[in-house]
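The values are calculated or read from the model by the stated rules, or taken from the named source; none is laboratory data. This is a predicted model, so every value here is computed, not measured. Every residue, glycine as well, gets a Cβ built from its backbone with ideal geometry; the counts of neighbours run over all protein chains shown.
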Amino acid sequence: MDKLISLRGEIDRIDEALCRLFEQRMAASAEIAAWKREHCVPIRDAKRESELLARNLERISDPDLRPHYKTFQQSLMACSRAYQAELIGQDPAALMTVSTSQGSYPVYLRRGALSEAADLLDLHRRVFLVTDDGIPPAYSRMLAAQCGELISCVIPQGEASKTLAQLHTLLQQMLDAGLTRCDCVLALGGGVIGDLAGLAAALYMRGIDFYNVPTTLLAMLDSSIGGKTAVDLGGVKNTVGTFWQPKAVLIDPDVLATLPLRQLSNGLAEAVKMALTHDPELFARFEDSTGCGPVEDVIAACLGIKRAVVEADEREGSLRRVLNFGHTLGHGIEAAARGRLLHGECVALGMLPMCAPAVRERLVPALERLGLPTYVNREEIDPEAVLAAVVHDKKAAADGIMTVFVPRVGAYELQAVSPRALRERLETLYSAS
Ligand SMILES: NC(=O)c1ccc[n+]([C@@H]2O[C@H](COP(=O)([O-])OP(=O)(O)OC[C@H]3O[C@@H](n4cnc5c(N)ncnc54)[C@H](O)[C@@H]3O)[C@@H](O)[C@H]2O)c1
């Protein structure tokens, strides 16, 4: 009996020490959670967990104890994950959570995510899937197989589909299919599909659930979060729209395998935009002649920047305007190019005149490396047409057009620029040719 009492005493002392160590471990875990939220790193790191397990198992000298230690270590890691998820209000499987006035939503980013859609999204209801005819049907089939009741709508690819007429068609199909407020819209595509299907979801019965599954790089790293939805009107982009946040965003970088190279470059232009205004390290990746590293890392870095901006200024009161860097002239160039240039290509061009000379010197080779244009010629892009579109786009031209300027990599300032000064800056894109 004495022996039992003494052994239990020993267990009590060890447990007491373990309690202190547990507290220390969880305190470190909490700091890691905050860091992960800020840097947009998922809570679960399967590689780190398996390395930790292997290393610690080796430290257990008695082989008979190893399976028991394994159980202990695994439950400790699960406990850490759950604690981190609770602290930052995030699904442990998600890359991040975006918090908005319309609620918070998870963003899932991982290869193969398309095949796990039903585990991550609530598809056990009527699902109105919107996609376009340029997206490989295999992706919609993969989603369709996981949906309760599916109504599928394939629209013609391209910006020309972002119209009130196409929106009307979608809404009518939703009504004909008997969609109720409990059902959802699932957008599978690039920015065009996200903007259009998101708007349809926002309007139908005053708003139903909307899931965004971006399939272009541009949509993955930019348009999929933030809740901006719109169609164009009379040739003017994004004139009719609203803010409608998705219920969740599911990003599977594997689908980029079928995306044409030019579309990949197009998406990277928006990544360069975010790097230039916010993240010198990310910008350095684009200058690296060996490539910018895994695309998931670029997507996660950009989404981290965009989330911070969107959370601070959900409805583009002021701060969110920084996301328009390169877009003032970019939109003008896009209008004047009449479909010859992609949106990202125009943003790439639009950024160049809006940087300090030292930044421009670094930006030109970076854009060239990414396959993006750095100059235009007068025969193809009429500078007067660019300016006319810019002034039309920004009606407040009398007080100067609000633009974003980058004085050094990782910083930005808002500047009111007169149409004349803007015309002079635009000229630098021609003199470079
Ligand atoms: N809402 C926002 O915050 C926001 C932000 C930026 C841009 N946008 C909008 O996004 C739109 C541009 O989006 P985009 O660049 O994704 O273009 P997009 O949606 O037109 O897609 C480009 C092309 O790629 C094809 N495609 C898409 N995924 C594919 C895949 N995985 N494999 C093969 N082909 C594929 C499409 O069929 C299409 O032809 C513009 O209308 C712009 O206004 C919105």
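Residues considered: 111, 125. Of these, the only one that is in contact (Cβ under 8 Å) with a residue 40 or more places away in the chain, surrounded by fewer than 16 Cβ atoms within 10 Å (Cβ to Cβ), more than 25 Å from the chain's Cα centre (by Cα) and closer than 30 Å to residue 147 by Cβ is 125. So is residue 301 surrounded by fewer than 21 Cβ atoms within 10 Å (Cβ to Cβ) and assigned to a helix (DSSP H, G or I) or not? Answer is no for this residue. Applying the condition of being in a strand (DSSP E or B) and surrounded by 24 or more Cβ atoms within 10 Å (Cβ to Cβ) to the stretch 206-227 and asking which residue is farthest from the ligand (Cβ to nearest atom) yields 211. Total residues in the stretch 254-282 satisfying the condition of being outside any helix (DSSP H, G or I) and either more than 8 Å from the ligand (Cβ to nearest atom) or at positive phi (or both): the figure is 1.
Yes/no per residue for (1) at pLDDT 95 or above; (2) closer than 22 Å to residue 232 by Cβ; (3) among the hydroxyl-bearing types (Ser, Thr, Tyr):
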{"residue": "331", "(1), (2), (3)": "no, yes, no"}
{"residue": "339", "(1), (2), (3)": "no, yes, no"}
{"residue": "350", "(1), (2), (3)": "yes, yes, no"}
{"residue": "368", "(1), (2), (3)": "yes, no, no"}
{"residue": "394", "(1), (2), (3)": "no, yes, no"}
{"residue": "408", "(1), (2), (3)": "yes, no, no"}
{"residue": "417", "(1), (2), (3)": "no, no, no"}
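Inside the stretch 183-205, residues that are assigned to a strand (DSSP E or B) and more than 7 Å from the ligand (Cβ to nearest atom) make up a count of 5.
Scanning the stretch 228-243 for residues that are more than 10 Å from the ligand (Cβ to nearest atom) and of a type in the set (A, V, I, L, M, F, W, C), we see that the one that is nearest to the chain's Cα centre (by Cα) is 240. Listed by first and then second residue, the pairs with beta-carbon distance under 8 Å, at least 6 apart or on different chains, first residue in the stretch 222-251 and outside the structural domain of residue 188 (by TED's automatic domain parsing), second away from the ligand (no atom under 12 Å from the Cβ) and not in a strand (DSSP E or B), form an empty list.
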